[in-house]
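Here's the structure, in structure tokens; my notes come after.
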Amino acid sequence: MSDMYRDLILEHHRYPHNFGTLDPHDVSQEEHNPLCGDRIRLDLRIVDNKIAEVAFSGKGCAVSQAAASMLTDELIGMDLDKVREYGKAELLELIGLPLDKNPVRLKCALLSLKALKVGVYRYLGQHITPDELD
Amino acid sequence: MINAPFDVATTRSQFPILQLPSERPVAFLDSASSSQKPEAVISALANYYRTTNANVHRGVYQLSEQATFEFERARGRVALFINASHHREVIFTRNTTEAINLVAQAWGGTNLHADDVILLSQMEHHSNIVPWQLIAQRTGAVLRAIPIDGQGRLVLDNIDTLLQGVKMLAITHQSNVLGTINPVAELARKAHAVGALVLIDGAQSVPHMPVDVQALDIDFLAFSGHKMLGPTGVGVLWGRKSLLDAMPPFLGGGSMIKTVTIESSTYADVPARFEAGTPMIGEAIALGAAVTYLMDIGMANIATYEHQLSGYLIERLDEVHDVTWYGPPAGADRGAMAAFSMTGIHPHDIAQILDSEGVAVRAGHHCTQPLHVALDVPSSVRASCYLYTDTDDIDRLVRGLSKVKQLFG
């Protein structure tokens, strides 16, 4: 439990960073997990192929909300080419949770990453393969 | 405060999984999803493979005859368990879901027509919704649902109106989320009065209380072995013989035929007509052992004990601030389970923290999305009991919830 609900996760859950919406935006992508009803909307403003501003909103468990909060911090200034390389391993390292043996909670953690990937690929007019969401 | 009509400690000792050496034994509160198995059932399954393994209804050799005898004896035990008037009325399926699909396809495919109504309720499990949607799409029949009130009971004020045009009333005996025990006999009487048939989803009732298909005067009953101490992979459809006799096959293949030519076939009598292919022989035999185990303790005794557990569970949950539980107050029409929410804390987080405290509960929508829409929550936590649950399990749940509050408070 201390692993899963370490202070950082609870802190981001209580006081999420970059919480809200952007209007106007270049990317707005909503993803949800039908198993538990978690919902994340991720808004981005893109300048010179870089993420200039980011905001997320939604409802869900501590893991999904904290992961979104931490991910948005990471995204500010990120080049869109780097978004393509940013995957599950990077996100899990960022949030520091041992979720390899917990596929149900892994989905919670990855919900914001899915919104990011689907949204950015759509913005770039590129097709996303299921592999890239793993 | 709880006076079990049987020795719960002895019962627990008969479940190997509850005896595993562990620093922190599991308080297993997810029996509504799938129950644990007593040694008698595990042995019956293993012994079949060790001593009796052969296909049924085929061989002329002794081993096959023995397997057939045991398989058919299990059918007889199940028939006795639910007071079926004939063992041929018991069809082995994979689970409740398959049993309901069988009726929806085989009965519905022949008897439902455009604008016929299938009446369900707002509290149904997806397994008693989706099969009816599939056959409704094929036949032009329409679905209608009995609403529920704020205490999770069916609203029956307008039942006569709701029953207009109904050909099939398919409804759960006990909700897998609210714990509500529905007045099935009364509903069956009203449905029959308008010429409708009645299918009861007994997945949550048959394991926990006496269910007598003749006393309830219903037409079909579906339930699962794995929720009543039996193995996974075996379930039961009981149906009135006259109805089953008139139904076409569900799946085609071996065992379900009389004669086959390349062009056409004639079909076997019930129940073989609905048991295409090699069945789940060992699992059915083990289900027979589970039924024997339950009957030895007595379903009325189990219901009496679980009724007390239900009261204790609600009483203890009421002590935890910020817990909202769903369903009727503890009483005769509530089973020993509770789905609940805690203000501002997601059910996944609650279940995860409880797990780290050794308490196994389920979090999610429990395959009842329309019900959760009515409850106005995306998901909930569910704690559910069985005959091996004791008050200590419930106490550990409540202590775990205090931990949740500490962390998220």
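Taking the listed residues B:SER43, B:SER31, B:SER22, B:SER35, the one that is over 30 Å from B:VAL177 (Cβ atoms) and either surrounded by fewer than 14 Cβ atoms within 10 Å (Cβ to Cβ) or of a type outside the set (Val, Ile, Thr) (or both) is B:SER43, with no other qualifying. Taken over region A:73-105, residues that are outside any loop (DSSP other than H, G, I, E, B) and not basic (Lys, Arg) amount to 17. Of the helices (runs of 4 or more DSSP H) entirely within region B:35-121, those holding at least 2 residues that are of a type in the set (Val, Ile, Thr) occupy B:39-47, B:62-81, B:96-102.
Among the residues making up region B:210-248, a single one is among the small types (Gly, Ala, Ser), crowded, with 22+ Cβ neighbours inside 10 Å and out of contact with any Ser or Thr (no Cβ under 9 Å at 6 or more places or on another chain): B:GLY239.
Pick out the one residue from B:ALA300, B:ALA330 that is of a type in the set (A, V, I, L, M, F, W, C) and assigned to a loop (DSSP other than H, G, I, E, B). Spell out the reasoning first.
Working: B:ALA300 fails: assigned to a loop (DSSP other than H, G, I, E, B).
Just a single option satisfies the conditions, and that option is B:ALA330.
Scanning region B:226-237 for residues that are under 22 Å from B:ILE302 (Cα atoms) and not in a loop (DSSP other than H, G, I, E, B) gives B:GLY235, B:VAL236. A residue that is within 30 Å of B:GLN369 (Cα to Cα), within 13 Å of the chain's Cα centre (by Cα) and within 14 Å of chain B (Cβ to nearest Cβ) cannot be found anywhere in region A:82-99. Note on region B:143-156: residues that are surrounded by 14 or more Cβ atoms within 10 Å (Cβ to Cβ) and either touching a Gly at 6+ places or on another chain (Cβ under 9 Å) or not assigned by TED's automatic domain parsing to the domain that holds B:THR172 (or both) amount to 3.
The set of residues in region A:89-103 that are surrounded by 16 or more Cβ atoms within 10 Å (Cβ to Cβ) and over 16 Å from A:ALA66 (Cβ atoms) is empty. Condition first: under 19 Å from B:SER224 (Cβ atoms) and in the same structural domain as B:TRP238 (by TED's automatic domain parsing). Can you find one or more residues in region B:56-71 that meet it? Checking region B:56-71: at least one residue is under 19 Å from B:SER224 (Cβ atoms) and in the same structural domain as B:TRP238 (by TED's automatic domain parsing). Taken over region B:335-351, the residue count meeting the criterion of being crowded, with 23+ Cβ neighbours inside 10 Å and either at the interface with chain A (Cβ under 10 Å from one of its Cβ atoms) or part of a loop (DSSP other than H, G, I, E, B) (or both) is 8. So which residues in region A:37-59 are on the phi > 0 side of the Ramachandran plot and either within 14 Å of chain B (Cβ to nearest Cβ) or touching a Cys at 6+ places or on another chain (Cβ under 6 Å) (or both), if there are any at all? A:GLY37, A:GLY58 - these are the residues of region A:37-59 that are on the phi > 0 side of the Ramachandran plot and either within 14 Å of chain B (Cβ to nearest Cβ) or touching a Cys at 6+ places or on another chain (Cβ under 6 Å) (or both). Within region B:370-386, can one find any residue that is out of contact with any His (no Cβ under 7 Å at 6 or more places or on another chain), aliphatic (A, V, I, L, M), in a strand (DSSP E or B) and away from chain A (no Cβ under 14 Å)? Yes, the conditions are met somewhere in region B:370-386.
Within region B:354-369, if we keep just the residues that are part of a strand (DSSP E or B) and more than 18 Å from B:SER127 (Cβ to Cβ), the residue that is modelled with the lowest pLDDT turns out to be B:ALA363.
Does B:ASN83 fit the bill of being surrounded by fewer than 17 Cβ atoms within 10 Å (Cβ to Cβ), at positive phi and among the polar types (S, T, N, Q)? Even if it seems obvious, please write down each step before you answer.
Details: surrounded by fewer than 17 Cβ atoms within 10 Å (Cβ to Cβ): yes; at positive phi: yes; among the polar types (S, T, N, Q): yes.
So B:ASN83 passes the test.
The C-beta contact set for region B:179-198 (first residue under 13 Å from B:SER121 (Cβ atoms) and not assigned by TED's automatic domain parsing to the domain that holds B:ALA106, second residue at pLDDT 95 or above and not in a helix (DSSP H, G or I), distance under 6 angstrom, 6+ apart or interchain) is empty. Residues that are within 14 Å of another protein chain (Cβ to nearest Cβ) and either buried (at least 17 other Cβ atoms within 10 Å of the Cβ) or at pLDDT 95 or above (or both) were ranked within region A:11-36; the one that is farthest from the chain's Cα centre (by Cα) is A:CYS36. Within region B:354-369, residues that are more than 8 Å from chain A (Cβ to nearest Cβ) sit with their Cβ atoms under 7 Å from residues that are among the β-branched types (Val, Ile, Thr) and crowded, with 21+ Cβ neighbours inside 10 Å, at 6+ positions apart or across chains, in these pairs: B:LEU354/B:VAL361; B:VAL361/B:VAL381; B:HIS366/B:VAL177; B:THR368/B:VAL177.
Among the numbered conditions (1) at pLDDT 90 or above; (2) touching a Ser or Thr at 6+ places or on another chain (Cβ under 8 Å); (3) in a helix (DSSP H, G or I), the only one that A:VAL54 does not meet is (3).
Restricting B:ALA136, B:ALA99 to those that are under 23 Å from B:ASP160 (Cα atoms) and of a type in the set (Gly, Ala, Ser) reduces the list to B:ALA136. If I filter region A:64-83 for residues that are closer than 18 Å to A:ASP23 by Cβ, hydroxyl-bearing (Ser, Thr, Tyr), in contact with a Gly (Cβ under 9 Å, 6 or more places away or on another chain) and at pLDDT 95 or above, do I get at least one hit? Checked against the condition, which is being closer than 18 Å to A:ASP23 by Cβ, hydroxyl-bearing (Ser, Thr, Tyr), in contact with a Gly (Cβ under 9 Å, 6 or more places away or on another chain) and at pLDDT 95 or above, region A:64-83 yields no hits at all. Quick one: would you say B:VAL26 is assigned by TED's automatic domain parsing to the domain that holds B:LEU309 and in contact with a strand residue (DSSP E or B) (Cβ under 7 Å, 6 or more places away or on another chain)? So B:VAL26 fits the description; yes.
The values are calculated or read from the model by the stated rules, or taken from the named source; none is laboratory data. It should be emphasised that the depicted structure is a prediction, and the values quoted were computed from it without experimental measurement. Backbone-built Cβ (ideal geometry, glycine too); neighbour counts: all protein chains shown.
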